[in-house]
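**Student:** Submitted below is the structure of interest, expressed as structure tokens.
The values are calculated or read from the model by the stated rules, or taken from the named source; none is laboratory data. What you see is a predicted model; the values in this text were computed from it and never measured. Here the Cβ positions follow ideal geometry from the backbone for every residue, glycine too, while neighbour counts run over all protein chains shown.
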Amino acid sequence: MSLRENEPVYLIDTHAHSDAFSVPEWIESAGRALARGVSGNLSAGVWWDQFDHLLAEFSDWILPRPANREKSLEFIGSSGYHIFPALGLHPMEIASRWRSVDGRFDTSRAEADAEKFFDRARKHRNVIWAVGETGFDASSSVVAGWCGKDELLDAQTFAFRNCVRLAVEFGLPLIIHSRSAWKKTQDAVDEALAQGVKTFMVHCYGGPPSDLRWIERRGGFASFGGVITWPDAHRVRQGITECPADVLLFETDSPDLPPVLADGHRPLKNEPQFLCDVIDCAAVLRQQSAVELRAVNFKNFMRFLGF
Ligand SMILES: [Zn+2]
């Protein structure tokens, strides 16, 4: 499936956290995004209660997921700013929510949360566009408080497998978060694909540039955000330069990881409008036009969604 000649290109931020904004802040932020041509964002899932909050407070922007490509293009092209919700069990949330007092994996809490996660999924199936964030984070601040890294990875594996189950049941793609656990992520992605997950994106890709081919062979995507604009982020800047076009997506991860803008200043808080600056920076690094990269982003976003 690809974008046909006469189809429009929409500028979509493929990873942001809309509900991390207050509603008044979001109204302004969505307005600034629209003014620069950014018309929506995939809103990454963190937890079932965060998903409840998104549905309750951001209903004016939420786009239901249609069954086919034509309807989906019609919905995405309708006026206003759109949020595409995802439901996930974020590996960093797990680190604080599923840790017992002695730093072990509290399986009874995990099972109760998994039940609530599936309950939300079944109740709100019509507005879920992707499953995640899910994945592995073994960075030192996340491991802190656990009796060992393996204990935390066991908890993250439990969450990952539940996200895989949901993605297979609903035929939805996975949003992967991976930090300081790339090998573990690769094994888990292979397991997910073997179980029938259709595709995945590694959001805020920070793995080795050479592994972009590994993602390409699996039909997955690597999403690049504001980090590519940081002058000292050598590995990620190398990654965006080498990334095959059919793997490429662009995100902001708003409100986190603000980019360095063309005038050299870095805003305190990231927001979807800065997707334009991320793509402009990628255009310079890849020596490709920003117009072309906007089209690549949308074409790949539709492929990621299965349309
Ligand atoms: Zn995120």
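**Student:** Condition first: modelled with pLDDT of 95 or more, under 21 Å from the mean Cα position of the chain (by Cα), acidic (Asp, Glu) and within 16 Å of the ligand (Cβ to nearest atom). Can you find one or more residues in region 163-177 that meet it?
**Tutor:** no
**Student:** Filter region 1-51 for residues that are hydroxyl-bearing (Ser, Thr, Tyr) and assigned to a helix (DSSP H, G or I); which is nearest to Val127 (Cα to Cα)?
**Tutor:** If we take residues in region 1-51 being hydroxyl-bearing (Ser, Thr, Tyr) and assigned to a helix (DSSP H, G or I), then Ser18 is nearest to Val127 (Cα to Cα).
**Student:** Condition first: in a loop (DSSP other than H, G, I, E, B), hydrophobic (A, V, I, L, M, F, W, C) and in contact with a Pro (Cβ under 8 Å, 6 or more places away or on another chain). Now tell me which residues in region 251-300 satisfy that.
**Tutor:** Of everything in region 251-300, those that are in a loop (DSSP other than H, G, I, E, B), hydrophobic (A, V, I, L, M, F, W, C) and in contact with a Pro (Cβ under 8 Å, 6 or more places away or on another chain) turn out to be Val260, Leu261, Leu268.
**Student:** What residue, of Leu63, Leu11, Leu55, is farther than 23 Å from Thr199 by Cβ, away from the ligand (no atom under 16 Å from the Cβ) and surrounded by 15 or more Cβ atoms within 10 Å (Cβ to Cβ)?
**Tutor:** Exactly one of Leu63, Leu11, Leu55 is farther than 23 Å from Thr199 by Cβ, away from the ligand (no atom under 16 Å from the Cβ) and surrounded by 15 or more Cβ atoms within 10 Å (Cβ to Cβ), namely Leu55.
**Student:** Have a look at Leu293, Leu257, Leu305, Leu275 and point out the one that is of a type in the set (A, V, I, L, M) and within 16 Å of Val236 (Cα to Cα).
**Tutor:** Going through Leu293, Leu257, Leu305, Leu275 in turn, the sole match is Leu257.
**Student:** Does region 181-206 hold any residues that are in a loop (DSSP other than H, G, I, E, B) and within 16 Å of the ligand (Cβ to nearest atom), and which are they?
**Tutor:** Ala181, His203, Cys204, Tyr205, Gly206
**Student:** Next question, about the same structure. Going by what's in this entry, would Leu54 be described as part of a helix (DSSP H, G or I) and aliphatic (A, V, I, L, M)?
**Tutor:** Yes: the conditions hold for Leu54.
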